[in-house]
Structures are given as C-alpha cells and as structure tokens.
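Data first, discussion second: the structure below is written as structure tokens.
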Amino acid sequence: MSSDVIIATHDLNLWYNSTHALQSVSMQVKKNNVTALIGPSGCGKSTLLRCFNRLNDLIDHVRVTGEITLDSENIHRPGTDVVSLRKRVGMVFQKPNPFPKSIYENVAYGPRVHGVRDTKELDRIVEESLRHAALWDEVKDRLSDSALSLSGGQQQRLCIARTLAVGPEVILMDEPCSALDPIATAKIENLIDLLKKEYTVIIVTHNMQQAARVSDYTGFMYLGKLIECGKTSQIFEHPNEELTENYITGRFG
Amino acid sequence: MDRAGTQMGDPGRDSGRNTAAALRERGIKTLFFCTAATAVIVVAFILLFLLADALPIFTLVGLPDFLLGQTWAPSAAEPLYGIFPLIVGTLLVTFGAMVFAVPLSIGTAVYIAELASPRVKSILKPAIELLAGIPSVVFGFFGLIVLTDFIRVVFDLPTGETWLAASVLLGIMALPTIISVSEDAITAIPREYREGSLAIGATRWQTISRVIVPAALSGIAAAIILGIGRAVGETMAVMMVAGNAAIIPDPIWNILSPVRTLTGTLGIEMGEVAVGSDHYSALFGVAVVLLVITLIINLSAVAILRHIHEGSSARPGRKPLLPAQLKEPVSRSLKYGLIGVVIIFLFAALPVHLAVGILLIGVAGYFGRDRISRFHIEKASFGLIIISALTVLIILVIILADIVINGLPALSWEFLTQPPTDLGRGGGIYPAIIGTLYLVAGAIAIALPLGVGAAIYLVEYTREGRITKLIRTGVDLLNGTPSIVFGLFGFAFIVIYLNVGISMLAGQVTLALMVMPTIIRTTEESLKSIPASLREGSLALGATKWQTISRVVLPPAVPGIVTGSILSIGRAAGETAPIMFTAVVFSQRFLPDSVFDPVMALPYHLFILATNVPGASASKYGTALVLLILVVGLYSAAIWVRTHFQNKIRG
C-alpha cells in the first residue's frame, strides 16, 4: 500500500437484515484528493460512505465483514474509539442539518465537545472554519442568529464549517448539493476544490457532471458492487467496463 | 496546517481523556437503565403486593365463589364475599357510559378533524383539553349536586344516585380521551385519500363516511377501548353518584337502579377495614380483579395503536389483527349487535312512544336512503355532527358555570388563608391548599428524574429488543392501572409494610408512581420528534453519545418535557384515590412538620365535604373552584408552553 493512501477497504461486505448492500468492495482513497462515488440510486454508495466513519453502527440489524483501514489501521478492530474516529473522519449530509442553535454555537459545538473551553480559542476556530467554508463574510455580523435563519446553501456551508472546526483528516460528503439550487451548488463545488489542499474529500453524488467537475478519482458502483475505480478522466473518457460506459453515457440509471 | 494538534492537545492526553470519557458514558447509560427498570420493578411490586394480600381470600372462599358469588356482604354476621354484582355493576356502568360517549365523541372528533374552521378548532380543542383536566372528584361533586338531582326530578325518583347518573358522568369523563385519540386517527389519514375520493365526485359526507372513517377505524376502536379503560378505572366520581348498592339491577336494563362498581367498593370500604382481616383481603381480591380487567383493556388498546403505527410502514408479511376470513363476520355481528343494543337502550331510557318514533325514523331513513338526495343526507349528517360537538361544549360550559357561579361568592382572603372550622363548614382551606402543593411537589420531584431518565434510555440508548419490550409493557401497564389500585398499593406497601404510616411521603411516592408513565410517554414523544439527522450530525463530529444527548437532543426537547411534567402535576393535584388511604386527613389546623406527618389535600377535602358534611354548601363550591382553578391553571400553562415553544422553534 503506498503511503499516500489514507482510506482503504478490502473485501468489504455489508448486510441490512438479509439484503446484501455492499458486496466485496475493495478500494483505495488517496490523500488530499477528491474521490467521487457515482452510481444509480440504491447502489450502495451512501452506505459505503457511512462505513468510513462507522455511522452505520447507528442502524439496527447491520452486519459488516471485511476490512476498512484509516492510515493502515483497521477501524473495525475491537477497542476502536468510534468517537475519535469520527473526529478524524468528518461528514456532511445530504440535507443540511444545522443544530437549532446560533450560527456561532453550531461551529463551536465540535470543539466544545472535544474539550476546548477557552473563549478566544473558540472564537478563532469559529472564524477560521467559517472563512474556510466561504461563509464568514455572509454571517460575520450575525453570528448569534439562529442557524435555521440561513438559506439552504448557507446552511450546508455552515455544516461544512462545523465539520472543519473539529480538524478532520477526511471529509465525507453525502450528496451535499442535492437539496441546493445551482448557485449554491457552484459555491459548494468551488469550496470542495479549495478543501482538498488540506483535507481528503470523498463525495457521493448522483450528478455525473458534478463528479467530473470536482473529483480527481471516481468510483462507479452498481447493485452493491464497486464496478470500477480510477482517475476521473479515465473513468469518464475511457471506462474499462461496459456497465460504467452505459451509465456515463446515460443508457440507464 | 496542523489544527488538530493545537485544538485537541497532545495525543497522549487525548487518549487518557477518552478512557475516562468512555467510563463516564457507560456510567450514564447504566444510570438511565436503572431508571427505566424502575417501571418494571414497580409493576412487579404492585402485582406482588396485591396478590399477596389477596391470597387469603382466594384460599378461604375459592376463586369461583369469589368471582361468581351473588352476594357481597363483608360486614354481615356471616360475611359473604361474592363480587359478581360488583363486576356486573362495573360492566353496566361502563357500557352505559360508552353508549352515551361514543356517538358524541366520534361526532365531535369528525367535526374537529374535517369540518371545523381553524377558529372554531382553536376554541374546541382547548375546551376538550380543559374537560380532560377537570379532576374526577370535581366531576363527582357536580354529579352529586346537579346531575343526580336532575335525574331525581325528571324520573320522579326518591334519589337520583343511579346507574344512569354514573354512566352519564363517566361518559362525560371519557369524552376527552375518545375525542382526542379518534381525532388524531382521523387527522392522520393521508390527504391523498380525501382528494382521491372528492376528485371522483363524492360529496364531503360520502368521503368522510366511506373513506376517512373506515380508514381511521382501528384508531377509533383504540380510542373507544381507552375510554372504556378510563371508565372502568374511575373511582371517585362513580362512587359519589352510583348509589353503591351491591345489587344487580332488576330487570337488567333498569338504568334507574343503583349499582356498585369494583372501584367504588374499594373507595368506600378500604378506609374502614381492619388490616389483615378477611374483609381486607377480599378488598385486595377486588383490586386484583379490577387490575386484570383494566390491564386486558389497556393492553388491547395499546396493541391496536401499535399495530396501526407499524402498519403505516407497511412491512410485508405482517400478520393482520384479524384473519381475513374472520374480518367480515366479526364486523357484521358487531354492527348488528350495536344496533340491537341501541334499540334496547332507547326503550329502556325513553317513554315507549318516543322510542318507537325514533326507531321508525331510523328504519325509514335506512330504507329510504336511496330516494333522498345525497346532498340532503350530507346536510342532515353534518347537522348531527355539529349537534354532537355543541353538546360537548355545552356540557363543559354547564359544569364550569355551575362551579364558578356558586364558588365565587365563597372565595375570600380568609377562605384561602385560614384553617377550617366546624368540620369545614366555616373557616378556610389553607392547610388543604398547602398540603396539595406539598404532595404534588414531592411527587414531581420523585417522578421527573425517574421518568425522564427512563425515556432517555428507551429512545436514545436501546435498540428494540426483549428488554425494551419488557420496559415498555411495564410502562403501559402502569399507565393503565386505576388510580385506586395505586392507592391500595401505597397503603399496603408504604404505609403498612414499610411502616411509614399515613404520611405526606407515602402520598408523594404513590402519586409519583401514578404520574411516571405520563412523564415517560411525553418525554419519549418529544425526544422522538428530534430528527435523527441532528444526532448523526453531532456523532459525525465525534461527539460522544451523552454529549449528543445533553447538548443537541435534550435542549429542543425541553418544552415537550415541561409540558408533560405540568400535565402530570395537574393530574396529581386533582387525584383523590391514591392519597385517600396513604396521606390525608380531613381536618387539621396545622401544617405538617415533616414528610412523615399526614396532610390535608384539596380533592379529599372536597370529597368529604360533599359526601359527609351536610350544610357546607359554600365551602364545598369554594373548594371545588379553588381546585379547579389550580388544575385548570396548570393545564393552561402546559398548553401555553406547548404552543409558544412550537411556534418559536418553527419561526
């Protein structure tokens, strides 16, 4: 395994009850790159994403076999601290889910639960995270307003800022733009491009143009299997598999 | 940029903090588990103590003779312990109450859900909640003074304390339960059904009667069963108006005969019985029978409601409640049975010619229905529905008006601040007010932590499994237990077995057990209303379970929890049966010095004034009004908190 791989899965299988939702998925995610997961609805791409921070643990009757490593450490090893795993692997959800608190408190929430009490330090983290999420200029005068008063796109960038404030290494994004309009989408896409300098981003999207625009690597999934994974340009221009080509050229999906 | 380092400190310290945090997480979870287990333990204890005290009578008389014996004469020279007349009394009173309440309730529920304008709704819904908030002893007081007198005059009887009075009063008390649960069921019907039917060209009434009500039928059935449970378990009101003769009405449909219920027997005789005697044991036997009946009723309602709930997610392969081939005959026999029963009652309750007239109109309507324009049918049906809603409103107004008009003159500064004199005929009710406040404060201090903890455990910490099922069943059982049974348990366990004596503490614990299910339920509901995405968002940031619960889930759930607590306080403040044998005395000039002293309480004071003290009319109404203001004030506060914070969260 080369040193620039941050997350890798090996023969990963997942069942919901008796549904075999992920079938022998093996893939590698490279550090400081954007990896997109594409595929038709229900193909397992979101399920795979939620494996990386073990958020599937919250769902009843889920069974996982195989291996997922973060920096070469198996995250299913007994005794793994799920809490610190999730600190290292942040997540942005499909629908913006700001807490019903103020803008400031939303961003400060993560550092606070991880033990930061110093107000100056918190102020610094909040400002820096909001700047990183390209939201600072829009909200700096109303940090104490409710986060629910923001527009959908702003809420999503707030959720990104909230994730950044914890200082993750990897950011998982589960269709982060599907609830947003084109302008807000463009802002988030620009942001993803900036983020990859410091973070590794894995994004699930059902929008192929988006995958082509923002990602360096793309994995195509179909019916729970990872059909193919490679450089985005290669996947979109010279796919190895016929299934991939059919999907990309819009023959199904 | 190395922000992780600067923010979180060095990794070594970090992992040290993590093990401590993990330990704390586990401790918190264990704590919540213990609170949740309390419900099950309490149920087990209640059953254990009732059975243990009832066992002697079962062995002495034998279970068949106890259940089917025709005579209840515990204080005769040769005592007889047959509770059959009591069981029949309970069934008859409950049945009569349902005949009165079901049509009114369903009509009102349909009116609120389908016909009422938002403005009317905003009057009617709080009015019904108000009706639910009136303490049962106040209903009993009203029944005793107004209703029985009305029946005495109308039917020209020596006394109006009859089966009819008890049924009407219990029917009124069951109205709010049936209305609100039915209305929820009707409101939950998806709009598509309504639109689909209307789009075909059906009238509104056709849509309501053929699409909406059938779709909501199992919810309405559950509502009726809950109403039955409420009626069967009621003690104070029924005991004050039923006449309490332990006889089976002769003939069986003679609604003007006095009857005695299981609960009434407990309420009347428990206070005067020698501890440990056969009679004492027989009363616990009665309580066991009562408990079994209410448990069956309430668990079946819970089962139906849960079935609806899970049915909406439409899992394939779920067994329907009734096998398909049984559904048709069952519903048909229910239908004809109901019609038959209504006819019998028409003839029993009304003069013959009136009954025949109504019957003829019904028959003519049934056979002539195709000749009448469906728009006329709609008008007639809507008329009946509006009449039923109006009736409910008028009943509320009559009760409130009677108590307020007669009670206001009695209110004075002295009445509120002086102890009673001359057996409550003079002086004031200060010790009773303070006693009620003490009782309620103590009860809520015990029930709130236990209830909220249990709810947090059930919602946040468990996956549905055997343990949660057990706990939930325990909570359901506790919720369905009649308040008089809590009173008996409190007496047998706390007063006698723990030797605490009749004391404030015993009353507080008993009330706490009684209101705990309400707190658990409402807390569970408000926790469940917090979207899962917020929890995921917090966990995805690396927050621990407890951090997520305490900082993200609980704060927005607080208004719901506060509402539930206030409702519980209101309920505890108005209850008589649980404190009657555990905590209260009638007349006491002084306030209690410690929790081991007995106290006065408003509901009990009213009960004694109304039933045992002749010529205390002013103080009676005054006490009823003070109690009403206290309880209704609490309920209004709960409603205000709910709407106010709902709007705030939405805005």
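The values are calculated or read from the model by the stated rules, or taken from the named source; none is laboratory data. Keep in mind it's a predicted model, so treat the numbers as computed, not measured. So basically every Cβ, Gly included, is an ideal-geometry build from the backbone, and we count neighbours across all protein chains shown. Just so you know, the surface numbers come from the protein's heavy atoms only, side chains and all, with ligands and any DNA or RNA stripped out. Shrake-Rupley method; radii C 1.70, N 1.55, O 1.52, S 1.80 Å.
What to note about this one:
- Here region B:168-195 is the region considered, the condition is being part of a helix (DSSP H, G or I) and without any contact (Cβ under 8 Å) to a residue 12 or more places away in the chain, and the residue that is farthest from B:A223 (Cα to Cα) is B:E195.
- Among the candidates B:I484, B:I520, residue that is away from chain A (no Cβ under 14 Å), modelled with pLDDT of 90 or more and out of contact with any Ser or Thr (no Cβ under 9 Å at 6 or more places or on another chain): B:I520
- Contact map, region A:40-64: first residue within 14 Å of another protein chain (Cβ to nearest Cβ) and without any contact (Cβ under 8 Å) to a residue 12 or more places away in the chain, second residue part of a loop (DSSP other than H, G, I, E, B) and open to solvent by 50 Å² or more (accessible area, probe 1.4 Å), Cβ cut-off under 7 Å, separation 6 or more or different chains; pairs are A:D60/B:R463.
- Hits in region B:531-553 (condition: more than 9 Å from chain A (Cβ to nearest Cβ) and either without any contact (Cβ under 8 Å) to a residue 40 or more places away in the chain or aromatic (F, W, Y) (or both)): B:W546, B:S550
- Identity of the residue in region B:205-257, open to solvent by 40 Å² or more (accessible area, probe 1.4 Å) and touching a Phe, Trp or Tyr at 6+ places or on another chain (Cβ under 8 Å), that ends up farthest from B:S182 (Cα to Cα): B:I248
- Test for A:R131: is it out of contact with any strand residue (DSSP E or B) (no Cβ under 8 Å at 6 or more places or on another chain) and under 29 Å from A:A186 (Cβ atoms): yes
- Whichever residue in region A:110-139 is closer than 15 Å to B:A543 by Cα and part of a helix (DSSP H, G or I) and, among such residues, is farthest from the other protein chains (Cβ to nearest Cβ): A:R112
- Strands (runs of 3 or more DSSP E) contained entirely in region A:1-63, each with at least 2 residues that are more than 20 Å from A:I171 (Cα to Cα) and of a type in the set (F, W, Y): A:5-16
- Whichever residue in region B:607-629 is part of a helix (DSSP H, G or I) and open to solvent by 50 Å² or more (accessible area, probe 1.4 Å) and, among such residues, is farthest from B:L423 (Cα to Cα): B:I629
- Matching option when the condition is more than 10 Å from every other protein chain (Cβ to nearest Cβ), assigned to a helix (DSSP H, G or I) and under 20 Å from B:G537 (Cβ atoms), among A:L148, A:L158: A:L158
- Candidates in region B:613-646 are the residues that are over 19 Å from B:T436 (Cβ atoms) and among the polar types (S, T, N, Q); of these, the one that is modelled with the highest pLDDT is B:S617.
- Selection status of A:R112, open to solvent by 60 Å² or more (accessible area, probe 1.4 Å), out of contact with any Cys (no Cβ under 9 Å at 6 or more places or on another chain), free of Cβ contacts under 8 Å to residues at least 24 places away in the same chain and not hydroxyl-bearing (S, T, Y): yes
- Of all residues in region A:209-226, those satisfying the criterion of being surrounded by fewer than 20 Cβ atoms within 10 Å (Cβ to Cβ) and closer than 16 Å to A:G39 by Cβ are A:Q209, A:A212, A:L223, A:K225.
- Residue in region B:119-138 that is hydroxyl-bearing (S, T, Y), over 22 Å from B:K620 (Cα atoms) and assigned by TED's automatic domain parsing to the domain that holds B:L91 present: yes
- Residue identified as modelled with pLDDT under 90 and either in contact with a Leu (Cβ under 7 Å, 6 or more places away or on another chain) or of a type in the set (F, W, Y) (or both) among A:V25, A:V62: A:V62
- Residue within region A:146-164 that is in contact with a Ser or Thr (Cβ under 7 Å, 6 or more places away or on another chain), open to solvent by less than 50 Å² (accessible area, probe 1.4 Å) and within 28 Å of A:V29 (Cβ to Cβ) present: yes
- Residue in region B:404-419 that is closer than 30 Å to B:A116 by Cβ, open to solvent by less than 70 Å² (accessible area, probe 1.4 Å) and out of contact with any Lys or Arg (no Cβ under 6 Å at 6 or more places or on another chain) present: yes
- In region A:60-86, residue surrounded by the fewest Cβ atoms within 10 Å (Cβ to Cβ) [restricted to those that are among the β-branched types (V, I, T) and more than 15 Å from A:L14 (Cβ to Cβ)]: A:T80
- Scanning region A:19-39 for residues that are open to solvent by 10 Å² or more (accessible area, probe 1.4 Å), away from chain B (no Cβ under 14 Å) and hydroxyl-bearing (S, T, Y) turns up A:S24, A:S26.
- Residue that is nearest to the other protein chains (Cβ to nearest Cβ), among those in region A:65-86 that are on the phi > 0 side of the Ramachandran plot and in a loop (DSSP other than H, G, I, E, B): A:G79
- Scan of region A:87-109 for residues that are more than 10 Å from chain B (Cβ to nearest Cβ) and in contact (Cβ under 8 Å) with a residue 60 or more places away in the chain, ordered by number: none
- Of all residues in region B:15-33, those satisfying the criterion of being touching a Gly at 6+ places or on another chain (Cβ under 8 Å) and at pLDDT 90 or above are B:L31, B:F32.
- Filtering region B:363-417 to residues that are in a helix (DSSP H, G or I) and among the polar types (S, T, N, Q) leaves B:S381, B:S388, B:T391, B:N406, B:T417.
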